[in-house]
Amino acid sequence: MGLPMSDPTAWATAMNNLGMAPMGMTGQPLLPDFDPALGMMTGIPPINPMMPGLGIVPPPIPPDMPAVKEIIHCKSCTLFPPNPHLPPPATRERPPGCKTVFVGGLPENGTEQIIMEVFEQCGEVIAIRKSKKNFCHIRFAEEFMVDKALYLSGYRIRLGSSTDKKDTGRLHVDFAQARDDLYEWECKQRMLAREERHRRRLEEERFHPPSPPPVVHYSDHECSIVAEKLKDDTKFSEAVQTLLTWIERGEVNRRTANNFYSMIQSANSHIRRLVNEKAAHEKEMEEAKEKFKLALSGILVQFEQIVAVYHSASKQKAWDHFTKAQRKNISVWCKQAEEIRNIHNDELMGIRREEEMEMSDEEIEDPSEMKETDESALVSQVEALKEENDSLRWQLDAYRNEVELLKQEHGKASRDEDTTKEQQLKLLQQALQGMQQHLLKVQDEYKKREAELEKVKEDKLKIETLLETLKEQQSVANEEDKERDVTDGQGNESSMPRVCACSQEKECPVEKTLSNSPVKSEREALLVGIISTFLHVHPFGASIEYICSYLQRLDSKICTTEVEVLMTRLQTTFKQELSGVGASLEKKWKFCGFDGLKMT
């Protein structure tokens, strides 16, 4: 158009005549109150997307939005839109890969050229199959063209300007099921499935581990290469695999026996290297264990400090100054720290138990070191009792804190929760009483163990002093023997039986007491002491298997029958009771040595 752009009035008039909203070059409307139904030039219809030459069909309209259809003018016919107030025409279910539509309601005088003229605006038409009964089937090139054709369903068609009944009709467009469409859709689906399988196969091959390289066949040249590789530490594993494959294939014969023997000898030379490497790794592992144990002990010390901070903060002096939320957070943190501390403590105790179990049998069976082992066992038991005492004290503090929190929240709770909290308080008080009693028992046991340890130390000192005095007497006697004459030797001979008689007299009461007592050796006496200590810690009794499992940690040669015979022999110290009913019947041993003392 040859209108000047500086004249907005003329530009708005021209766009108004074409039925379009007048817009400026910047996209701003020139006339804000524009009505497209007004001011149109007579004889010029409004622009419609289905007009010839445009070939544009709007996208599907949402069902909740009313669709406004316009009159469509073609060369030889005119399409009038249906009543917008009528419901949309019904359609069947869309078949997969549908490219064919059914068109009914055609005028009797309608030809294939008129049908082509109307529907070629929707897309490329491949074939039209027209029937004599005013309907046809139209096949398009693509599936989306079918949606455009369905837009024309409900339109009234009129050929030219004739009003004859044979020149008019109401179009009904619907999906049609065609074998060609179904075949093409199935071919497309199979192609997509093949592509998916190919893609998956490529993915699997990419993540599949590569296959090992093939082993070469035996020859003198390959034998020399493998022999050189066997001498190299870096290529030893590859060469050994080749040697193994050759031997399994049956390549060994009289001619090649010497070569194979030399290769086997080379493989045997690596045993010392592997043993040394293993020893080095074991040494590194021991050093790592020591470092870990030291670090764990340091962590436990820090945990103890943190728990001590929480406990000091829970005391009355500092506790009253905190708010309720702060008290709750402190109690939660304290519980978490105690749980973590107990876990690390159990781990450290487990490491120590493993180290104790790794003691050699020679050290345990050595008679010269029996007393030292007894003392170390008592010391370890005292340490274990100390740790158990500390853990019980910590649990007692935790229970006390929980009771205090429950008491503080008890006054603010509702009546429905009072009964449950009272029950919880009773249970906690009962648990506290039980823990206190157990703690007192453990403290008494701890004091007894300390007294026994002091007695053992005093006996050891006495024995050492006796040994020193005997050595001095023996040295004095030897000097006197040297100074005496040959005649005095007879007097020495007469004195020796006296010493032997004295020693025999000293040893006889011990042997008599051992022969008369049910304990026949020092080993059995030691077992009786350990078993009585173990059962005293377990006041409700323990089964013979549980007792033997504890004793086998100290000595793996102890058997169940030996322990049971020894305990049945000592009826005044141990007694057997039956607990449970029916299938759950269980035999338990209890310590009753203090009952005998009370009776006496």
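Structural remarks
- Within the same chain, lysines fewer than 8 places from K291 are excluded, and of the rest, those with a Cα less than 22 Å from its Cα are K278, K283.
- Contact order relative to length of the stretch 517-600, as percent, for alpha carbon pairs under 8 angstrom and 6 or more apart: 30 percent
- In this structure, V581 and Y546 have a Cβ-Cβ separation that, at R0 = 22 Å, corresponds to a calculated FRET efficiency of about 0.60.
- With every protein chain in place, the stretch 191-251: carbon and sulfur % of accessible area (1.4 Å): 56 percent
- Solvent-accessible area, 1.4 Å probe, carbon plus sulfur percent, for the stretch 76-121: 57 percent
- Distance violations [Cα-Cα > 28 Å] among K441/K590; K75/K132; K293/K455: K293/K455
- Dipole-positive endmost among Q265, I225, F207 within the stretch 193-270 (Cβ charges, Cα centre): F207
- Estimated inter-spin distance, K482 and L440, nm [label 7 Å along Cα→Cβ]: 6.6 nm
- On the beta carbon distance between S224 and A280, with R0 = 25 Å, the FRET formula returns roughly 0.20.
- Inter-site label distance for T560 and E93 at 7 Å from Cα along Cβ, in nm: 7.1 nm
- Annotation for the stretch 431-476 versus the stretch 553-587: alpha-carbon center distance of 28 Å.
- For K188, the lysines whose Cα falls under 20 Å of its own Cα, not counting residues fewer than eight places away in the same chain, are K99.
- Heavy-atom accessible surface of the stretch 547-589, averaged per residue, reaches 63 Å², computed with a 1.4 Å probe.
- Debye, to nearest 20: dipole size of the stretch 180-277, +1 on Lys, Arg Cβ, -1 on Asp, Glu Cβ: 520 debye
- Cα-based shape type of the stretch 76-214, given that a ≥ b ≥ c are square roots of the gyration tensor eigenvalues and the cut on a/c is 1.5: prolate
- Each of N478, Q443, L461 was placed along the dipole of the stretch 434-488 (beta-carbon charges, centred on the mean Cα), and the one lying farthest toward the positive end is Q443.
- Debye, to nearest 20: dipole size of the stretch 77-215, +1 on Lys, Arg Cβ, -1 on Asp, Glu Cβ: 360 debye
- Per-pair calculated FRET efficiency, R0 = 60 Å: E472 and E238 via Cβ, rounded to 0.05: 0.25
- Rh by Kirkwood over Cα pairs, then Stokes-Einstein D for the stretch 160-232 at 0.890 mPa s and 25 °C, µm²/s: 120 µm²/s
- Mean sequence separation of contacting Cα pairs (under 8 Å, at least six apart), scaled by the length of the stretch 111-199, corresponds to a relative contact order of 18 percent.
- Shape analysis of the stretch 234-284 yields a ratio of the Cα radius of gyration to the Kirkwood radius, Rg/Rh, of 1.13.
- Remark: the W185-H321 segment gains 41.0 nm on full extension, using 0.36 nm per residue and subtracting the alpha carbon distance.
- DSSP-loop GluC sites (Glu not before Pro) across the stretch 249-319, with at most 16 other Cβ within 10 angstrom: E251
- Shape class of the stretch 191-287 from the Cα gyration tensor (axes a ≥ b ≥ c, square roots of the eigenvalues): oblate, since a/c reaches 1.5 or more and a/b does not exceed b/c.
- Computed extension length for F594-K130: 155.4 nm, one decimal, from 0.36 nm per residue of separation with the Cα-Cα distance subtracted.
- Extension gain, K460 back to E404 (0.36 nm per residue minus Cα-Cα distance, nm): 15.2 nm
- Dipole of the stretch 526-600, positive end: most advanced residue of L570, S532, G593 [Cβ charges, Cα centre]: G593
- Sorted largest first by accessible area at a 1.4 angstrom probe radius, with every protein chain in place, the residues Y183, Y550 fall in the order Y183, Y550.
- With the simple spin-label model, which puts each label point 7 Å out from Cα in the Cβ direction, the K289 to R201 separation comes to 5.5 nm.
The values are calculated or read from the model by the stated rules, or taken from the named source; none is laboratory data. Source: prediction; values computed, not measured. Because the Cβ atoms are built from the backbone with ideal geometry, glycine has one as well, and the counts that use them run over all protein chains shown. Side chains included, ligands, DNA and RNA excluded: accessible areas come from the protein's heavy atoms. Shrake-Rupley method; radii C 1.70, N 1.55, O 1.52, S 1.80 Å.
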